[in-house]
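Following: one structure in structure tokens, then a few remarks.
The values are calculated or read from the model by the stated rules, or taken from the named source; none is laboratory data. Worth saying up front: this structure is predicted, and the values here are computed from it rather than measured. Heads up, the Cβs are rebuilt from the backbone with ideal geometry, glycines too, and the neighbour counts pull from every protein chain shown. Note: areas computed on protein heavy atoms with side chains; ligands, DNA, RNA excluded. Shrake-Rupley method; radii C 1.70, N 1.55, O 1.52, S 1.80 Å.
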Amino acid sequence: MSKRELLLEIGTEEIPAHAMPNILSQLKTLAENAFKESRIGVGEVKTLGTPRRLALLIKDVEEQQADISEEKRGPSAKIAFDAEGKPSKAAIGFARGQKVDPADLVTKDGYVYAIVHEKGHAVDELLKSILPKIICDLNFPNNMRWGELDFKFIRPLRWIVALFGDEIVPFEVAKVQSGRKSRGHRFLGDGEFEIAKAADYVADCEKEFVIVDQEQRRSMIIAEIEAVAKECGGKAEITDDLLEEVLYLVEYPTALAGKFDTEYLKLPAEAVITPMRDHQRYFPVKTFEGELMPLFITIRNGGREYLDIVQHGNERVLKARLEDAQFFFNEDRKKSLEQHRDKLKTVVFQEGLGSIYEKTERLEKLAEVIADSLKVDSKDKEHAIRAAQLSKADLVTGMVTEFTELQGVMGREYAKLDGEDSAVFMAIDEHYMPRFAGDSQPKTTAGRIVSLADKIDNIVATFSRGLVPTGSQDPFALRRQALGIVNTIIEAKWSLSLSKIVDVAMDLLKITDEVGRFMRLRIKNVLSDSARYDVIDAVIDDVDDIYSVTLKAAALADFVKTADSTKTIQSFVRVSNLANKAYSTDIKANLLTVDAEVALYKAFEAIKVVAEELINKCDYVGTLEALPKLSTPIDSFFDSVMVMDDDLKIRSNRLALLKSIDNLLSQVATFGKIVL
């Protein structure tokens, strides 16, 4: 079967850079689904994009839709045929509806079936409806309407190219007729140009100064930046998020360097880099030793003509931003960070929950409680409390008011200049970590303590207002903060009572229960990457000590893979099934009369001492090596002993023994939740 290449290019006004990756992903998914549903065989499906175009390039598209044969079930055989075996009116009507001869009906499973054959259509005809539907099915967070059209799109449509091989696929969307005319670079290209066939698309665009393949464009940008930085004697700092944004701001990238006054290097490095990178989308340049240089690199959407003019314009813009930064920095330094803190009394934390100043007072108390719970060094405790006290003071400084991305960073720098201990100023910055998915965790003890205190306070305070995250709604990013708590505790390997801290944060048991359920889901998310769902369910009942839960999950995950684990777990489940009927754990040795129950009692007493010592050390691997020794005595007990004896004292005593064993086992896992 012959095949052709297919091109669909949707030309628009400039699309916001941040929206492009999702749109291209959608475009690919919609195309793959559309061709699959239409029974059209295709090869590689590739999406390409620049600020002014979304393109779909599909190789090896078959020219003929696949034929199909389907069985359509009709009436039962009893109804479909009369006593003589001739088709009834029901069978004839069904056959007519399926466009088959009644004689061709097939009887199977007590019903009649029509075998319907449908011959595939020519794909060039089908594309006339498939391609416009793909365009119309694209989804955007924000849409635009233009003119008198009812059609909505992220930006106005300006042209559409649709080629199947070298033939135009004719259709119309939003009064734009498809054809073979595309548009080149706004300034370097010659305006409209024709694409002869789909296979020429990338090369034809490049002739008109449009690098339509984003991966090719990405490589060009990186190579250009690195080359310019090398010429300047430094190394550019290329972050993924900035590179991704710049990628979809240009169609033909050219890198150029600019300079700024060395006077601005007296500012903290982040105070220079933030306006450069986050506000102007420039790449900072550092020495090979990591020191910031008075240079930046920017990507121009164009060629190398008049680069000196472009450079001068960019330098002027950055100079204005850096002058602002220097002014705010100098004004901020007229006070110490602690003196700024008093202004926090005028800043509301959340409605009905006081000021940010009051929040910092809560953080001091929480930091003290966490430090005491962990029995950290007295210096670490002192540093954590001091960092909590100063943690939010930079929010009212001019620098952070102007450049909000610098919260925590400027607190660190100002505290450092004020002569605070390094552990204190590092913790002020670290307490916001992780700021986003994939961000680093705090590294210092004080930073971890204040980070936990801040996030727990945020969660509990928000829950107290009834603002519990539901579905996709999480305006206060509580899920991210909860995951931050979980990951920080795991990385630090801290055994910590979560409920105790929550009680201190807000003395409302109802809220504590809600927070516990919320945290349990976050812990499950973290564990799901490394453990089976049933293993997680078996250890997740009590999440008070998060780190302990992760150790239990890891140990249990290894244990269930061992050869004898099934037999052992079955024994433990037998115990828990009857343990629920016990009213106490008071075992009276003189009431143990059968050899098997005496043997189980002695085995339990011996193993209990060892297991509890291991559990106290959070050595769950060792615990799961010790506990299986109970399996054989348990099985012998159930084989030889009638637990529910008619004598109530004997019955209660045997149940107490089982309850005591179950209490020990449950400190490790709820074994009944393991799927055997």
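The lysines within cross-link reach of Lys524, meaning a Cα-to-Cα straight distance under 19 Å and a gap of 8 or more places when in the same chain, are Lys455, Lys493, Lys552, Lys673.
Counting only C-alpha contacts under 8 Å and six or more residues apart, can you give the relative contact order of region 166-239 as a whole percent? Please list the in-between numbers first.
Working: 61 pairs, mean separation 13.2, N = 74.
Computed over region 166-239, the figure is 18 percent.
Among the listed pairs Lys602/Lys649; Lys416/Lys500; Lys335/Lys359; Lys343/Lys365; Lys72/Lys152; Lys46/Lys119, give every one whose C-alpha distance is greater than 31 Å. Violating the 31 Å Cα-Cα cut-off are Lys416/Lys500; Lys72/Lys152.
Only the Cβ atoms of Lys and Arg (+1) and of Asp and Glu (-1) were treated as charged; on that basis the dipole of region 544-651 about its Cα centre amounts to roughly 120 debye.
The distance between label points at Asn616 and Asp150 comes to 7.6 nm (points 7 Å beyond Cα on the Cα→Cβ vector). Counting pairs of Cα atoms in region 144-237, how many percent are more than 18 Å apart? When every Cα pair of region 144-237 is considered, 62 percent fall beyond 18 Å.
Would you mind estimating how fast region 60-217 diffuses translationally, via Stokes-Einstein at 10 °C and 1.306 mPa s with the Kirkwood radius over Cα pairs, in µm²/s?
Approximately 78 µm²/s, per Stokes-Einstein.
For the chain, averaging the sequence separation of C-alpha pairs within contact (under 8 Å, six or more residues apart) and dividing by the residue count gives a relative contact order of 7 percent. When only alpha carbons are used to place a centre, region 14-39 and region 434-485 end up 33 Å from one another.
On a straight-distance basis, which aspartates and glutamates could pair with Lys379 in a cross-link, Cα separation under 16 angstrom, same-chain partners fewer than 8 positions away excluded? Of all the aspartates and glutamates, those that pass the test against Lys379 - Cα under 16 Å, at least 8 places apart if same chain - are Glu364, Glu368, Glu420, Asp421. Once the chain from Asp534 to Asn580 is taken as fully extended at 0.36 nm per residue, the excess over their C-alpha distance is 14.4 nm. Rounded if a/c is under 1.5, else prolate if a/b is larger than b/c, else oblate: which is the chain, with a ≥ b ≥ c the root eigenvalues of its Cα gyration tensor? The shape class here is oblate. Looking at the chain, the DSSP beta bridges with both ends there are about 95 percent antiparallel. Phi-derived couplings, Karplus 6.51 cos²θ - 1.76 cosθ + 1.60 at θ = phi - 60°, listed residue by residue for region 153-165: 8, 5, 8, x, 6, 10, 7, 9, 10, 9, 10, 10, x Hz, with x used for Gly and Pro. The charge dipole of region 595-665, taken about its Cα centre with unit charges on the Cβ atoms of Lys, Arg (+1), Asp and Glu (-1) only, comes to about 180 debye.
Projecting the Cα atoms of Gly110, Ala554, Phe283 onto the charge dipole of the chain, computed from C-beta unit charges around the Cα centre, puts Gly110 farthest toward the positive end.
How far, in nm, would the chain grow between Val468 and Leu648 when pulled straight, counting 0.36 nm per residue and subtracting the alpha carbon separation?
Values: separation 180, 0.36 × 180 = 64.80 nm, distance 4.86 nm.
Answer, rounded to one decimal: 59.9 nm.
Counting only Cβ charges, +1 for Lys and Arg and -1 for Asp and Glu, the dipole size of the chain around its Cα centre is about 1100 debye. Only Cα pairs under 8 Å and 6+ residues apart enter the sum, and on that basis the relative contact order of region 63-179 stands at 22 percent.
For the chain, give the percent of accessible area contributed by carbon and sulfur heavy atoms, probe 1.4 Å, rounded to a whole number. Kindly include the intermediate steps, with their values, before the conclusion.
Working: 16200 of 32840 Å².
Roughly 49 percent of what the probe reaches on the chain is carbon or sulfur.
Backbone amide hydrogens, once placed in the peptide plane, bring Tyr111 within less than 5 Å of Ala77, excluding anything fewer than 5 places away on its chain.
Tell me the mean residue ellipticity at 222 nm calculated for the chain from its helices only (DSSP H runs of n ≥ 4, each -39500 (n - 2.57), averaged over every residue, nearest 500).
Values: 26 runs with 328 residues, N = 676.
The helix-only estimate for the chain comes to -15500 deg cm²/dmol at 222 nm.
Between Ala66, Leu295, Asn525, the Cα set farthest toward the positive side of the dipole of the chain (charges on each charged residue's Cβ, about the Cα centre) is that of Ala66.
Per residue, how large is the accessible surface of region 238-301? Use a 1.4 angstrom probe and give square angstrom. Intermediate values should be presented prior to the final figure.
Details: 2610 Å² over 64 residues.
Here the per-residue accessible area is 41 Å².
Given 0.36 nm per residue, what is the gain on full extension from Asp241 to Asn663 after removing their alpha carbon distance, in nm?
On the way: separation 422, 0.36 × 422 = 151.92 nm, distance 5.08 nm.
Additional length available on full extension: 146.8 nm.
Each peptide in 460-468, 37-45, 407-415 receives the mean, over its residues, of other Cβ atoms within 10 Å, and ordering these scores from highest gives 407-415, 460-468, 37-45.
Across the protein chains, with a 1.4 Å probe defining accessible surface, the residues Thr488, Thr287 rank Thr287, Thr488 from largest area downward. Since only Ser495, Tyr432, Leu452 are under comparison, the one whose Cα sits farthest along the positive direction of the charge dipole of region 418-499, derived from C-beta charges on Lys, Arg, Asp and Glu, is Ser495.
For region 204-213, the Karplus equation 6.51 cos²θ - 1.76 cosθ + 1.60, evaluated at θ = phi - 60°, returns couplings of 5, 5, 5, 4, 9, 6, 10, 8, 6, 7 Hz by residue, with Gly and Pro reported as x.
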